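Report on one structure; see the data block that follows.
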Amino acid sequence: MSTLLAPRRPAVLREPAADPVRVSFVIDRLTRAGTETQLLALINHLDRRRVEPSLVLLDGEDDLSRALEPADCPVVRLGVRKLLSVGAARAAGRLRRLWREQRPDVVQTYFLDPAYFAAPLARACGVRHVLRVQNNLGYWRTAKHRLCGRAVRPFVDRTLTNTAAGKQHLVERDGLPADRVAVLPNGVDTARFNRFMLPDTSKKRVRVGCVANLRAVKNIDGLMRVAKEACERFPQLVFEVAGEGDQRAELERLHADLGLGDRFALRGSVADVAGFLRTVEVAVLPSHSEGMSNALLEKMSAGRAVVATDVGANAELVEHGRSGLIVPPGDGAALVDAIGQYLANPLRAAAFGSAARKRVEAEYSRSAATRRFEDFYEGLTADAAARSSPNTPARLAA
């Protein structure tokens, strides 16, 4: 169990339900990646008068996962590293006993193995609402993944995603009924970016920054090639990437091959993302695929001059020509030209940065995202209670 003190939560403007909704979240382990960060923020900011969370980790025994365990929330580590194993069977029995004791109203799973493991078990335990979170567009999924997804579908009541594009994908590609898919956008802690100066692209040294894991889908190799061309055209530019991943060795070799020297730096994992963004004027997101990018929300909240590829929800978040610039994915020349636009017109860069910050504060703050989830959970249980009440119109008519 985690024993750290919980962070202060924002005030609630509406009266909470008489009894909080009990929600058990299930994920494999905790990391600093986007989905896990959103989950931890949600758990930490939920109003316990409205929602009472618990967290189940399939594994979670490593030091990083333990260090990230949320405060003021029961945490159970099952030690499951392989689903088809004796240990997994024992863990299922343990979780079944726990859920029968806790009696959660909602079980909410993240990623593949937690869904395969927990959704059928939750249904067997009599949990009324089993939710599955699918926030990316499944660019990596194989035929095996799709088959397993169809197998677990009968145990899932509702699928949650964070973008309209994600819902469209789930309906058109996966065949889910539209009324069984709910869109709940991400949120970002805007307070971390208070009192940021707006970008000044007229400086003698202009930093172009990117926050991303070093994985192929993030297209950091493409950004390196863009940097090669951009630095030749604009001598004031330097590029910096904050993030770590399994592509590092490959990217270091490419860095040497391109002769980028100190004009392009791989900073590695950066704990203080806000501090990193404070040092850059232009923020880029060159990904081949995204859902709703936490990194993009942070760049916008920091008021940077943003350039992002037209994938996932990027064009929903960034209003092209108003709060940033959107370019086609894989189009290095367009990315270079967009950066050049900011250099040529510093006032436009500052105006876009200001508009981006205001947009996030208005629609994608952490408190707004948390309220959306709280309202959703209360709506689920209220609808279920109404259907089961002997005095509902439907039952009276029957």
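The table below lists the values:
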item: Filter pass, residue 186 being closer than 30 Å to residue 133 by Cα, out of contact with any strand residue (DSSP E or B) (no Cβ under 8 Å at 6 or more places or on another chain) and of a type in the set (S, T, N, Q); result: yes
item: Elements of type helices (runs of 4 or more DSSP H) contained in segment 273-328, each with 3 or more residues being not assigned by TED's automatic domain parsing to the domain that holds residue 342; result: none
item: When residues of segment 18-59 are limited to those that are in a strand (DSSP E or B) and either of a type in the set (A, V, I, L, M) or at positive phi (or both), the one surrounded by the most Cβ atoms within 10 Å (Cβ to Cβ); result: 26
item: Looking only at segment 360-398, and only at residues there that are over 24 Å from residue 158 (Cα atoms) and of a type in the set (A, V, I, L, M, F, W, C), the one that is modelled with the highest pLDDT; result: 360
item: Which numbered condition residue 167 fails, given (1) modelled with pLDDT of 95 or more; (2) outside the structural domain of residue 293 (by TED's automatic domain parsing); (3) within 21 Å of residue 112 (Cβ to Cβ); result: (1)
item: Qualifying residue in segment 371-384 (condition: under 28 Å from residue 244 (Cβ atoms) and either among the hydroxyl-bearing types (Ser, Thr, Tyr) or assigned to a helix (DSSP H, G or I) (or both)); result: no
item: Lone unmet requirement of (1) in contact (Cβ under 8 Å) with a residue 12 or more places away in the chain; (2) acidic (Asp, Glu); (3) at negative phi for residue 72; result: (3)
item: Some residue of segment 249-261 being in the same structural domain as residue 303 (by TED's automatic domain parsing), of a type in the set (Lys, Arg) and part of a helix (DSSP H, G or I); result: yes
item: Residues of segment 186-208 classified as crowded, with 19+ Cβ neighbours inside 10 Å, of a type in the set (S, T, N, Q) and closer than 23 Å to residue 234 by Cβ, total; result: 1
item: Any hit, segment 215-223, residues being crowded, with 17+ Cβ neighbours inside 10 Å, in a loop (DSSP other than H, G, I, E, B) and in contact with a Phe, Trp or Tyr (Cβ under 7 Å, 6 or more places away or on another chain); result: no
item: Condition check for residue 335: in contact (Cβ under 8 Å) with a residue 60 or more places away in the chain, in a helix (DSSP H, G or I) and more than 22 Å from the chain's Cα centre (by Cα); result: yes
item: Candidates 211, 241, 181, filtered to the one that is buried (at least 17 other Cβ atoms within 10 Å of the Cβ) and free of Cβ contacts under 8 Å to residues at least 24 places away in the same chain; result: 181
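The values are calculated or read from the model by the stated rules, or taken from the named source; none is laboratory data. A quick note: this is a predicted structure, and the numbers were derived from the prediction, not measured. Reconstructed Cβ throughout: ideal geometry from the backbone, glycine too, with neighbour counts over all protein chains shown.
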